[in-house]
Ligand SMILES: Cc1ncc(C[n+]2csc(CCOP(=O)(O)OP(=O)(O)O)c2C)c(N)n1
């Protein structure tokens, strides 16, 4: 049998292929992004796949496919499920015609996220089963299981990953694609139109379904007991299972592949057969709560920390009843925070906003790094789309005379995800908001996915390219302009005009992400030390290619891509291209 | 005891660490080992510190290595190597590229790049190999080959077949850069006597 080293995300994609999934949707988000990327790369011949505009849209598209009898999968990061929660709760009532799986990738420790959130709770909240794989092989297998369970029990299935599952690679045995059902639309009013009268009946169906699923959990082969020494018994799931096997190989283990609903008899029997019972799980006491409901009280969150991701040493200490270990790190090592890339087109905009002392409501993307020194040009970052709406609220609180000092900054992908509604709200409610769309022609933060503003689809096709100016005008913005952030003067003038404008202004900072423009990078710039007066204005850009040595600016020629912004900012004309420099020598 | 290697790779975003850990995993897989490999993507890659772990044995559970338990620590940058130097075992191997990349607080003059890191690192492991992989890569004509130079060094300290390493590189490096990378690999192998 063929074997491959796959990440959890790649294995989910493979699972979708083998399970006969026909439609897959997602909005990118670390750590889930590579699922749809892998489907787009390897399986687009068999699976229609799309980058949806946001997670709510993604789930609704997948749901439509299921209505029509196709198998569907929708993937998102943990906070994406908050955005998609509305259709997911309805979907629980409606159930599955074609099997449907929602993949949530949680991010314990917040490697790339704004919060830590345990989405297994959505299973309990929405009455839907939750599967939790422990490695890439299980990622693949659980998609196949998930589709089966979905179709057999008429339910959506939540497949919960965490960063260490999504982004760890392990060996996977590949299988064949099963035959998919033939899509066919059959009208089923009482099920898909969830009017109160219908929904009341569906609510009862959902409760009955959960009971049946709990019975199934008893015989589900991915819920298994590994009996060993009976002194210690550990109930665990997901990545935690691996840490348990690593540090307590002698213990007996009840590994739950399905964490909701749990198998009550299996748990009771296991609890009775060991002396000391633990639950080891990351984040919330989710399994523990279910075990408590059976009248069993194992050692759980009073031993295993509630916060951040687990690792072998944390689990080891928890089982020994020792305090949570903190790895010793040298104190004299300066931190290496993430930074905007050399030549990042966002930098100049933030440089100006900082100088203009604006109140900047920010948003989520690479550009959130504009909040850090030396740019210091962002005051808030809440969730996708909140920049625009937070600005409206601040203006309403401070009064319209202060509107000139407030600006919302939002990336192109984020604007399309959930900034447009805020723009309409601003106009409708007679605001004077200033909105800057940072259009770097891609979804950069999550690894450069196309979106509706790029005119490309996940499947590689050309498509209609959203026109921000036309859209803003149609929404009622009265000052609309596009500028090039590599042009310092144009940037300064456009910002000034827009902020002074009375109505809602939308300006588009348009310049391709520096990482995508590699074939157009220019020669590195160069500092004429004789002319540099050490004023440090260039350093305020926060460009990683710029540094200071002996009170003079220096440019790292390996990093510099020759964007020329620092040279335009230099009051002494000390920053030059090599060409300019040699021309001077000739004279 | 059966063979096992717990390898930690550290450095800065943009240094090609993911490709390096990929090559190690592929080479080990070619010899039939079980593997777990963990990376962090996303925000951290924007020029921040990057850590990747590869664990190789007959059966591997955790993708993460216990603190103080790494058999081999491969540091692509001096400061980053120093930062996690306590993760390597007392009798482990520590391979350090002495290249320095200033983090933003240093580049902007707010903090200093610490001095004497080589000496501090030396007391941390059984065997320490220092090299300047950047110089070697530049001599070959491409500073991006740093990662494969490091793989060359590592290949001398791990009991995997030369052929497996070469196959792994062939599979994972784009064809147009293969020749350069094979040279970088050989140069790395020459570093260890
Ligand atoms: C609800 C939600 N979905 C997804 C994400 C993950 N995410 C963070 S930033 C980002 C995209 C940012 O793209 P863009 O707005 O174009 O800014 P850029 O990174 O290109 O500067 C995504 C998808 C998130 N944080 N929240």
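Worth a mention:
- All positions within the range A:23-41 that are surrounded by fewer than 24 Cβ atoms within 10 Å (Cβ to Cβ) and either at pLDDT below 95 or within 13 Å of the ligand (Cβ to nearest atom) (or both): A:37
- Scope the range A:73-82; condition surrounded by 24 or more Cβ atoms within 10 Å (Cβ to Cβ) and within 13 Å of the ligand (Cβ to nearest atom); matching residues: A:74, A:75, A:76, A:77, A:78, A:80, A:81
- Test: residue A:365 is in contact (Cβ under 8 Å) with a residue 60 or more places away in the chain, at positive phi and either loosely packed, with under 14 Cβ neighbours inside 10 Å or under 26 Å from the mean Cα position of the chain (by Cα) (or both): yes
- Subset of the range A:1-22 (residues that are within 14 Å of residue A:174 (Cβ to Cβ), in a loop (DSSP other than H, G, I, E, B) and at pLDDT 95 or above): A:19
- Residue A:49 meets each of the listed conditions (1) more than 13 Å from the ligand (Cβ to nearest atom); (2) part of a helix (DSSP H, G or I); (3) in contact (Cβ under 8 Å) with a residue 60 or more places away in the chain; (4) buried (at least 24 other Cβ atoms within 10 Å of the Cβ) apart from (2).
- Matching residues, the range A:468-498, being over 21 Å from residue A:358 (Cα atoms) and surrounded by 15 or more Cβ atoms within 10 Å (Cβ to Cβ): A:468, A:469, A:471, A:472, A:475
- For the range B:101-112, the criterion of being in contact with a strand residue (DSSP E or B) (Cβ under 6 Å, 6 or more places away or on another chain), facing another protein chain (nearest Cβ under 8 Å) and crowded, with 24+ Cβ neighbours inside 10 Å is met by at least one residue.
- Residue in the range B:8-20 that is touching a strand residue (DSSP E or B) at 6+ places or on another chain (Cβ under 8 Å), within 18 Å of residue A:134 (Cα to Cα), at pLDDT 90 or above and not in a loop (DSSP other than H, G, I, E, B) present: no
So that you can scan it fast, the table gives a plain yes or no per residue for (1) touching a residue at least 12 places away in the same chain (Cβ under 8 Å); (2) in contact with a strand residue (DSSP E or B) (Cβ under 7 Å, 6 or more places away or on another chain):
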site: B:89; (1), (2): yes, yes
site: B:122; (1), (2): no, yes
site: B:133; (1), (2): yes, yes
site: B:137; (1), (2): yes, no
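- Test result for residue A:430, more than 10 Å from the ligand (Cβ to nearest atom), surrounded by fewer than 16 Cβ atoms within 10 Å (Cβ to Cβ) and over 28 Å from residue A:563 (Cα atoms): yes
- If you go through the range A:440-467 and pick out every residue that is within 15 Å of the ligand (Cβ to nearest atom) and either in a loop (DSSP other than H, G, I, E, B) or surrounded by fewer than 23 Cβ atoms within 10 Å (Cβ to Cβ) (or both), you end up with 19.
- In summary, helices (runs of 4 or more DSSP H) completely within the range A:250-346 and bearing 2 or more residues that are within 14 Å of chain B (Cβ to nearest Cβ) and surrounded by 15 or more Cβ atoms within 10 Å (Cβ to Cβ) occur at A:312-320.
The rows are residues; the columns are (1) in contact with a helix residue (DSSP H, G or I) (Cβ under 6 Å, 6 or more places away or on another chain); (2) not assigned by TED's automatic domain parsing to the domain that holds residue A:428.
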| site | (1), (2) |
| --- | --- |
| A:488 | yes, no |
| A:491 | yes, no |
| A:504 | yes, no |
| A:510 | no, no |
| A:527 | no, yes |
| A:563 | no, yes |
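- Filtered residues of the range A:373-387 (kept if more than 12 Å from the ligand (Cβ to nearest atom) and touching a residue at least 40 places away in the same chain (Cβ under 8 Å)): A:373, A:374, A:375
- Between A:419, A:370, the distinction of being within 30 Å of residue A:538 (Cβ to Cβ), outside any loop (DSSP other than H, G, I, E, B), within 10 Å of the ligand (Cβ to nearest atom) and touching a helix residue (DSSP H, G or I) at 6+ places or on another chain (Cβ under 9 Å) belongs to A:370 only.
- The lone criterion from (1) within 11 Å of chain A (Cβ to nearest Cβ); (2) over 15 Å from residue A:170 (Cβ atoms) left unmet by residue B:23 is number (1).
- With respect to the stated conditions, residue A:4 fails to be touching a strand residue (DSSP E or B) at 6+ places or on another chain (Cβ under 8 Å) and under 23 Å from residue A:82 (Cβ atoms).
- When A:401, A:395 are checked against the criterion of being more than 25 Å from residue A:488 (Cα to Cα), touching a strand residue (DSSP E or B) at 6+ places or on another chain (Cβ under 7 Å), away from the ligand (no atom under 16 Å from the Cβ) and away from chain B (no Cβ under 14 Å), a single residue qualifies: A:395.
- Residue count for the range B:113-123, restricted to those that are more than 9 Å from chain A (Cβ to nearest Cβ) and either surrounded by 14 or more Cβ atoms within 10 Å (Cβ to Cβ) or under 20 Å from the mean Cα position of the chain (by Cα) (or both): 5.
- Counted as qualifying within the range A:474-587 are the strands (runs of 3 or more DSSP E) with 1 or more residues that are more than 29 Å from residue B:100 (Cα to Cα) and modelled with pLDDT of 95 or more, namely A:479-483, A:505-510.
The values are calculated or read from the model by the stated rules, or taken from the named source; none is laboratory data. On a predicted model such as this, the values are computed, not experimentally measured, just so you know. Note: ideal-geometry Cβ built from the backbone for every residue, glycine included; neighbour counts use all protein chains shown.
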